[in-house]
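*Asks:* Let me begin by handing over the structure; questions about it come next.
The values are calculated or read from the model by the stated rules, or taken from the named source; none is laboratory data. Keep in mind that what you see is a predicted model, and the values were worked out from it rather than measured. Quick reminder, even Gly has a Cβ in these numbers, built from the backbone with ideal geometry, and neighbours come from all protein chains shown. In case anyone asks, the SASA skips ligands and DNA or RNA and just uses the protein heavy atoms, side chains included. Shrake-Rupley method; radii C 1.70, N 1.55, O 1.52, S 1.80 Å.
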Amino acid sequence: MAELKKRRVEDEKRQFQSTWQESYFFVEHNGKPQCVFCSQVLSVSKGYNVSRHYEYTSLHKSKYDQYQGSARSCVFNDLKLKLTRQKNIFQQPSNTAGLKASYEVCLELAKSKKCFRDGELIKRCAVKMASSFGDKKMAKNFETVSLSRQTVSRIINDMGSEVSGTLKGILEKCGFYSIALDESTDIADISQLLMFVRTINEEREIHEELLELKSLETSTKDGAEATVGHRTGLVGLCKEKGIHCLFFHCIIHQEALCGKIIRLSETMKIVVNTVNLIRKLDVMQIALKANNTTHFPSCQQLKEEEENDTKFSMFHEIIIDIKKEFQDRFKDFDSLKPKLALFNNPMEIEVSEVPCDLQMEICNLQGDPFYQTKKCDVSETFWKLISKERFLKLLKFSLQMLSLFGSTYVCESAFSALKQIKSETRNDIESASLESSL
């Protein structure tokens, strides 16, 4: 008996039929039918399989049988074109090294605060250097690196978005945070508000990052009212929203504002540079009231040159105004003094000077032999040794204090960088790109 020969698909030489295109919305893909709706490729070019997929398997028939004639042709051609474009995207050769090179160069441009157009210059220089060394392959590789102005802008914005996403995650996990704000006018006369955030988590990891750069369309106030004003300032608006926290106006501005109140700007330049003046004001005021010019060399010289006895006592009221202004501006710092005393010297502070909710833990801390041996350590180092299990309240207190900004240096430094980035020759940079560059 003759052996039956098994049927093989290859032997049947089945081919894709052009009638399947508009009838069942299929195209040929490497010799096999592919559905333009769901991109599924059938294993066999068989009319029954094609029709079954269209009518029953994927239920395309119920949705697309309404299209007939020219309308059906238009729908098919449109879907075919979309599928072709999709294939072209996936078939494009991968250039991972070139993409990485683009990001590396863009990062260096952002760090150096250089113009986005410099990317094209760097690319031309790289190609010429490779050619000079006779490395044609490397020169060709450099040619594939995309560094146009638009590409550099997009990549820097992408990196900025990535940083923002990372910062969002840090904020969600932090225990405490502080915000530093400052405003200045750029080269295009646009008010720019900088917002920095300082966070700390339970592992005592501290992060300081730019939270946002906001271009202010409306005019801003000068001086402290925009910040510490109790009605229309930031402090007032926060309290109105039920936000209660510590507020401090920039210590650099504290001194300058005292000069504005008495309108002696030239004379107050010396005062602004002498922080210790705050502690000397009482002595100076009493002496000047008695017409004693010992602490005022210029007045003393003038007094000696004049034949008559010049009266300077009338100016002692100016010092009273200065004292009042300093007291108003620094009252926020006065409220922080007890906490600073505890933070800086927890092992020797009087227990009675500590907030009631912390007194029992302070007693236990000061009586612990291990912490006694560490009392000379720097405050930040000492508080890292605090046990969470034994001193939970003190640990929380230390995290609060460590989350505070020590100064507004980050804002001042960022404004210096902003002036370099947004210069006279580059004053049309978009806000998003400016923030990402910072």
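*Asks:* How much net charge surrounds HIS207 when only other residues with a Cβ under 11 Å from its Cβ are counted (Lys, Arg +1; Asp, Glu -1)?
*Replies:* -1
*Asks:* Applying a 10 Å radius around every beta-carbon, put 238-246, 361-369, 19-27, 298-306 in order of their mean neighbour count, most first.
*Replies:* Descending mean neighbour count gives 19-27, 361-369, 298-306, 238-246.
*Asks:* Any idea what the dipole of the stretch 96-157 comes to, in debye rounded to 20, about its Cα centre with Lys/Arg Cβ at +1 and Asp/Glu Cβ at -1?
*Replies:* 100
*Asks:* Let me ask another. Tally Lys/Arg at +1 and Asp/Glu at -1 over every other residue whose Cβ is under 9 Å from the Cβ of ALA130; what's the total?
*Replies:* Around ALA130, the charge tally is +3.
*Asks:* Let me ask you something else. Can you give the local net charge around GLY367? Use residues other than it whose beta-carbon is closer than 13 angstrom to its beta-carbon, Lys and Arg +1, Asp and Glu -1.
*Replies:* Net charge in that neighbourhood comes out at -1.
*Asks:* Moving on. Packing-wise, with mean Cβ within 10 Å as the measure, how do 70-77, 117-124 rank, highest first?
*Replies:* Per-residue Cβ counts within 10 Å, averaged per peptide and sorted highest first, yield 117-124, 70-77.
*Asks:* Sticking with this one: Cα convex hull of the stretch 18-90: how many Å³ per residue? Before the final figure, lay out the partial values.
*Replies:* Details: hull volume 6.2 nm³, N = 73.
Value for the stretch 18-90: 84 Å³ per residue.
*Asks:* Let me ask you something else. Please state, as a whole number in µm²/s, the translational diffusion coefficient that the Stokes-Einstein equation yields for the stretch 96-157 at 25 °C and 0.890 mPa s, with Rh defined as the Kirkwood radius across alpha carbon pairs.
*Replies:* Values: Rh = 11.6 Å.
The estimated diffusion coefficient comes to 211 µm²/s.
*Asks:* For PHE176, what residues show an amide H to amide H distance below 5 Å, using hydrogens built from the backbone and excluding near sequence neighbours?
*Replies:* Those qualifying (amide H under 5 Å, at least 5 residues apart or on another chain) are ILE200.
*Asks:* Could you list which residues have their amide H under 5 Å from that of ARG14, counting only those 5 or more apart in sequence or on another chain, with H placed in the peptide plane?
*Replies:* For ARG14, no residues qualify.
*Asks:* Also: If I compute solvent accessible area with a 1.4 Å probe over the protein chains, what percent of it on the stretch 18-90 is carbon and sulfur?
*Replies:* 50
*Asks:* If I compute solvent accessible area with a 1.4 Å probe over the protein chains, what percent of it on the stretch 96-157 is carbon and sulfur?
*Replies:* Whole-percent figure for carbon plus sulfur exposure: 59.
*Asks:* Then there's this: What residues have an amide H closer than 5 Å to that of ASP182, excluding those fewer than 5 places away on the same chain, when H is modeled at 1.01 Å from N in the peptide plane?
*Replies:* So ASP182 has HN proximity to LEU194.
*Asks:* Quick one: Karplus J couplings for the stretch 129-139, per residue in order, coefficients 6.51, -1.76, 1.60, θ = phi - 60°, nearest Hz, x for Gly and Pro?
*Replies:* Ordered by residue, 3J(HN,Hα) equals 5, 4, 5, 5, 7, x, 9, 5, 5, 5, 4 Hz.
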